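Structure first, then comments.
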Amino acid sequence: MERTRRAILGTLGTGAIGALGGCSLRERFGDPQTVTIEVGGDFDTEQPIELEVLPATVESGLSENVVFQQTITVGPSGLEKALSEIGGAFESERALIRVHVLGLGLIGEYTFVPDCPTGATYDEVLYVTLQSVFDVTFRQNRCQ
């Protein structure tokens with residue numbers, strides 16, 4: 001079936017209006033929600049780790065796929081003093097979180113799934129707790 005010029009222009013016009021509508025929604029609600037990451041653990045000595053956030057759809061480990069990456073030192077002063085808070089680490093969207101202990105490699109992965117409603121006045125929080133240099137647990141706040 002042959003498409004007429006009018007049908008093609010109508011389709012393009014509808015797409016343009018939809019795109020403009022998306023822009024005005026973003027302006028109305030402001031900046032996208034972000035995720036705060038809290039990292040902690042309790043060791044006898046300081047332990048450097050690397051925290052990496054990748055898009056959930058990542059297919060390779062290429063550096064251009066990395067959304068957030070930071071090296072953090074955990075321990076040895078007890079859980080309270082060893083806690084590191086990283087505010088606004090990444091936008092609140094589905095993501096793959098990886099924790100590497102420097103010198104040992106990957107020790108854990110977690111798929112972050114946003115739970116807070118759009119436009120909430122508080123950030124999502126992801127808690128990363130090293131139980132040992134070989135074990136890490138993940139937990140995130142729950143919004144209702």
> Going from most exposed to least, what order do Phe138, Phe90 have by accessible area with a 1.4 Å probe?
Replying inline: Phe138, Phe90
> Using 1/(1 + (r/R0)^6) with R0 = 30 angstrom and r between the beta carbons of Leu102 and Glu59, what's the FRET efficiency to the nearest 0.05?
Replying inline: 0.75
> Which residues' amide hydrogens lie under 5 Å from the amide hydrogen of Gly88, considering only partners 5 or more residues apart or on another chain, with H built in the peptide plane?
Replying inline: Val35, Thr36, Ile37
> Given a 1.4 Å probe, how much area per residue of the stretch 30-140 is accessible, in Å²?
Replying inline: 54
>> Could you compute the net charge surrounding Leu96? Neighbours are other residues with a C-beta less than 10 Å from the C-beta of Leu96; K and R count +1, D and E count -1.
In response: 0
>> Which order do you get for Leu126, Leu104 if you rank them by accessible area with a 1.4 Å probe, largest at the top?
In response: Leu104, Leu126
>> Largest first and in whole Å, what are the equivalent-ellipsoid semi-axes of the stretch 30-140 based on the Cα gyration tensor, each being the root of 5 times an eigenvalue?
In response: 24, 17, 11
>> Show me the trypsin sites (Lys or Arg not before Pro) within the stretch 80-144 that DSSP assigns to loop and that have at most 10 other Cβ atoms within 10 Å of their Cβ.
In response: Arg142
>> I need the phi-derived Karplus couplings for the stretch 90-98: 6.51 cos²θ - 1.76 cosθ + 1.60, θ = phi - 60°, integer Hz, Gly and Pro marked x.
In response: 7, 5, 6, 8, 3, 8, 9, 9, 10
> Can you give the accessible area of Phe43, probe radius 1.4 Å, in Å² rounded to 10?
Replying inline: 30
>> Below 11 angstrom from the Cβ of Thr111, what's the summed charge of the other residues (Lys, Arg +1; Asp, Glu -1)?
In response: +1
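The values are calculated or read from the model by the stated rules, or taken from the named source; none is laboratory data. Note that this is a predicted model, so its numbers are computed, not measured. Note that each Cβ is placed from the backbone with ideal geometry, even for glycine, and that neighbours are counted across all protein chains shown. Side chains are part of the model used for accessible areas, which takes the heavy atoms of the whole protein and leaves out ligands, DNA and RNA. Shrake-Rupley method; radii C 1.70, N 1.55, O 1.52, S 1.80 Å.
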